[in-house]
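The values are calculated or read from the model by the stated rules, or taken from the named source; none is laboratory data. Predicted model only: the values in this text are computed from it and were never measured. Cβ: placed from backbone, ideal geometry, glycine included. Neighbour counts: every protein chain shown. The protein model used for the area step is the full one, side chains on, heavy atoms only, and it has no ligands, DNA or RNA in it. Shrake-Rupley method; radii C 1.70, N 1.55, O 1.52, S 1.80 Å.
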Amino acid sequence: MGRYLGLLSRQLRTSALLAAQYRWDFVVDGVVSLFFMATAIVPLFVVYGDASRPGIPGWSFGEALVVTGWFILLQGVLDGAVNPGLQAVIDHIRKGTLDFVLLKPADAQFLVSTARFQLWRVTSVVVALVVFVIAFSRVGRAPAVLDVAASLVLLVSATLLLYSLWILIVSAAFFVVKVDNLTYLFSSIFDAARWPSSVFPNVLRFVFTFVVPLALMTTFPAEAMLGRLESSALVGSLLGTLVFAAIARWTWLKAIGHYTSAGG
Amino acid sequence: MIEVQQLTKHYRVHKRPPGLAAALKSLFKREYTAVKAVDGITFDIKAGERVGFLGPNGAGKTTTLKTLAGLLHPSSGQVRVDGHVPQKREAEYLKKIMLVMGQKQQLLWDLPPAETFEMNRAIYDVPRADFTRRMKELGDLLELGELVNKPTRQLSLGERMKCELAAALVHGPKVLFLDEPTIGLDVSMQVVMRDFIRRYNEQYGATLILTSHYMDDVAALCPRVIVIDKGTLSFDGKLDDLVQKVRPEKRVTLRFSQPVTREQVSPLGQVVTCEGAQAVLQVSHDQVNSVVGRALATLPVMDLNVENPPLEEVMSELFARSRANREEQAA
Ligand SMILES: Nc1ncnc2c1ncn2[C@@H]1O[C@H](COP(=O)(O)OP(=O)(O)O)[C@@H](O)[C@H]1O
Ligand SMILES: [Mg+2]
């Protein structure tokens, strides 16, 4: 355990050194991403700006903004920790250098997962906090401490979910030859998480809760923060996340087995 | 140390038929063909040995090394290295071995090699004191100096390869798998790499297998040679014996005090070249003495030299022969 913490700090250091080397690229990317985070709010203004429209049933403007806050936060996790690692694995597979990862006496999943971070993406946390403040001032009250605690638990499980989805996609990369578009596909699907899941028709809502659990990533934490998530949903989503993570791990091990037995 | 018995490795390759209709059909019903990359190889290597794998491209050298390193599962046969079954990839085993591939690199491209060394130290859990001492030794042997602090992308191919080797030795492995470590390097850098590899083997008693298609690497480094051709083992023994077997002739180079004609030289043996005052003859092993005697007696010889034919020629002849043999068998 201590060894893996040491390894993690090594990997973070590598990412930090890379960030320092390409400082200006990162500054530009940072500004661009701030812009995109700002635009994450725009669709809500479109929906709620016109008083004659009904808005989203069951969600006031302020409440929907809480979902947006979670979307921005999770988008930060996705772009900061998940996608860069996905890209790193895809590059490994393409260049045949995954062999070096598999030669190491450490868990290969851990090594590829922590290989790359876009550290400046922590700005997403700040932006999300600002959005939460605005949202709750619209709602007209502060969130209860217990509700915030519950939403933080869900943040951990949402991150784990996102990561497990990522592992599943990486595992697919071992079987599929053309993997260039996987990152893009992932990001496009994730875009649906910006809306409270109730805007989707029943079928999609089912998919986004149980198949590609986007609802668990943004809608559930938002509801927890607003104090209206049932505790059964909280427990259910935690258990679901664990199952999902276990499936992802199992698929990963299968994929590695396929890689070594088939011959890269 | 390394025991390999009847090792085979067949790759399953998805057949891509030509034509759109056939391609569509193959989406649903995939057909596979087996590429017999390694087809029944047996050998034993003792601790501390230096063994060279020789073979033309596609012979199965890399596949064999990757199987030994645990990166590929054998299709059949047994592989044991220092008591381990490589394909299990136990941490204890992985800490004993290293694999360097001339065509692939593990160094982080945008960062100095020192960062990769530190990363490997953390991964292999090498105590700080051991790490410092080993890096000092490696730095001296490979003359790394300030290279390790320059971003990898700024290093020449040779410098990068030296750092690749150092990165793969951070954990002090006792079994070294080197897959074409000198590929693309200029001659002087090849010599540096060879010297280093030999010294590392002598100093630490490490066992090593090296593949190369530069014969000189193998000749300079490996007392024992294993020839692999089309996935099968066609020779296992001393390099000299291999040369004897393939080309029992010697090369006799004669330098004269004045130009001679081909007609004057040809009675002595098979003439390889004859230009001005120098001639090269090919003479069978047991005839060398009498040919040299006759040359000294009949021609104005100033200087002479007897040696084995160039290794590259021996190799191309060896592989041409094995190809001919197979074609004969097939017919
Ligand atoms: N991943 C793979 N999938 C299918 N065939 C492969 C794969 N890797 C190697 N081969 C084939 O196996 C044979 C042996 O390859 P290799 O071991 O790389 O030879 P060498 O290293 O001696 O040049 C070749 O015919 C090569 O095309
Ligand atoms: Mg090869």
Residues of the stretch A:102-135 buried by at least 40 Å² on assembly (accessible area, 1.4 Å probe, chain alone as reference) = A:102, A:103, A:104, A:105
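In square angstrom, what is the accessible area per residue of the protein assembly as shown with a 1.4 angstrom probe?
Averaged over the residues of the protein assembly as shown, the accessible area is 47 Å².
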Pop out the carbon and sulfur fraction of the accessible area of the stretch A:1-115 as a percent, whole number, probe 1.4 Å.
-> 69
Which log10 I(q)/I(0) values, to two decimals, does the stretch A:2-256 give at q = 0.08, 0.09, 0.12, 0.14 Å⁻¹ under the Debye formula with one point per Cα?
-> -0.34, -0.43, -0.76, -1.01
How far is helix A:23-39 tilted, in degrees, relative to the longest principal axis of the Cα atoms in chain A, given as a value from 0 to 90 rounded to the nearest 10?
-> 30
Cα-based helix-to-principal-axis angle, A:83-95 vs chain A, degrees rounded to 10 = 30
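Can you give the extra length, in nm with one decimal, that the chain gains between residue B:320 and residue B:286 once fully stretched, where that is 0.36 nm per residue apart less the Cα-Cα distance?
Difference between extended and current length: 9.7 nm.
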From a point 7 Å beyond the Cα of residue B:258 in the direction of its Cβ, which residues of the stretch B:269-284 have a backbone N at a distance under 14 Å?
-> B:277
With a ≥ b ≥ c taken as the square roots of the eigenvalues of the C-alpha gyration tensor of chain B, please select rounded if a/c is under 1.5 and otherwise prolate if a/b is larger than b/c or oblate if it is not?
-> oblate
Kindly write out, for the stretch A:166-171 in residue order, the coupling ³J(HN,Hα) from the Karplus curve 6.51 cos²θ - 1.76 cosθ + 1.60 (θ = phi - 60°), rounded to whole Hz, with x marking Gly and Pro.
-> 4, 4, 4, 5, 4, 4
When the helix-only estimate is applied to chain B (DSSP H runs of n ≥ 4, each -39,500 (n - 2.57), divided by the residue count), what is the mean residue ellipticity at 222 nm, nearest 500 deg cm²/dmol?
-> -11500 deg cm²/dmol
With a 1.4 Å probe on protein heavy atoms only, tell me which residues of the stretch B:90-109 lose at least 30 Å² of accessible surface in the complex relative to the chain by itself.
-> B:94, B:99, B:101, B:104, B:106, B:108
Going from most exposed to least, what order do A:59, A:120 have by accessible area with a 1.4 Å probe?
-> A:120, A:59
What figure in square angstrom, to the nearest 10, would you give for the accessible area of residue B:250 with a 1.4 Å probe?
-> 50
Pull up all non-local amide H partners of residue B:53: gap of 5 or more, or a different chain, and H-to-H distance under 5 Å with H placed in the peptide plane.
-> B:210, B:211, B:212, B:226
Compute the projected area of the convex hull of the Cα atoms of the protein assembly as shown, averaged over all viewing directions, and report it in nm² to one decimal place.
-> 37.5
Using only alpha carbon positions, build the gyration tensor of the stretch B:248-307, then give the equivalent ellipsoid semi-axes as the square roots of 5 times its eigenvalues, largest first, whole angstrom.
-> 17, 11, 10
Sites residue B:21 and residue A:189 - FRET efficiency at Förster radius 35 Å, r taken between beta-carbons, to 0.05 = 0.60
On a 0 to 90° scale, report how tilted helix A:2-21 is relative to the longest principal axis of chain A, with both axes built from alpha carbons and the result rounded to the nearest 10.
-> 80
A plus B alone minus the pair: what accessible area, both sides summed, probe 1.4 Å, in Å² to 100?
-> 2600
Please work out whether the stretch A:97-155 counts as rounded, prolate or oblate from its C-alpha gyration tensor, where a ≥ b ≥ c are the square roots of the eigenvalues and a/c under 1.5 means rounded, while otherwise a/b larger than b/c means prolate and anything else oblate?
-> prolate
In nm, to one decimal, how far is the residue B:5 label point from the residue A:202 one, both placed 7 Å along Cα→Cβ?
-> 6.4
Rel. contact order, % - alpha carbon contacts under 8 angstrom, at least six apart, chain A | 26
With all protein chains present, chain B has a carbon and sulfur share of its accessible area (1.4 Å probe) in percent of 50
Relative contact order (%) - chain B, alpha-carbon pairs under 8 angstrom, separation at least six = 18
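Remind me, relative contact order of the stretch A:126-245 in percent, using alpha carbon pairs under 8 angstrom and six or more residues apart?
Details: 78 pairs, mean separation 50.0, N = 120.
With pairs under 8 Å counted, the relative contact order is 42 percent.
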Per the helix-only calculation at 222 nm, which mean residue ellipticity applies to chain A, given -39500 (n - 2.57) for every DSSP H run of n ≥ 4 and division by its residues, nearest 500 deg cm²/dmol?
-> -23000 deg cm²/dmol
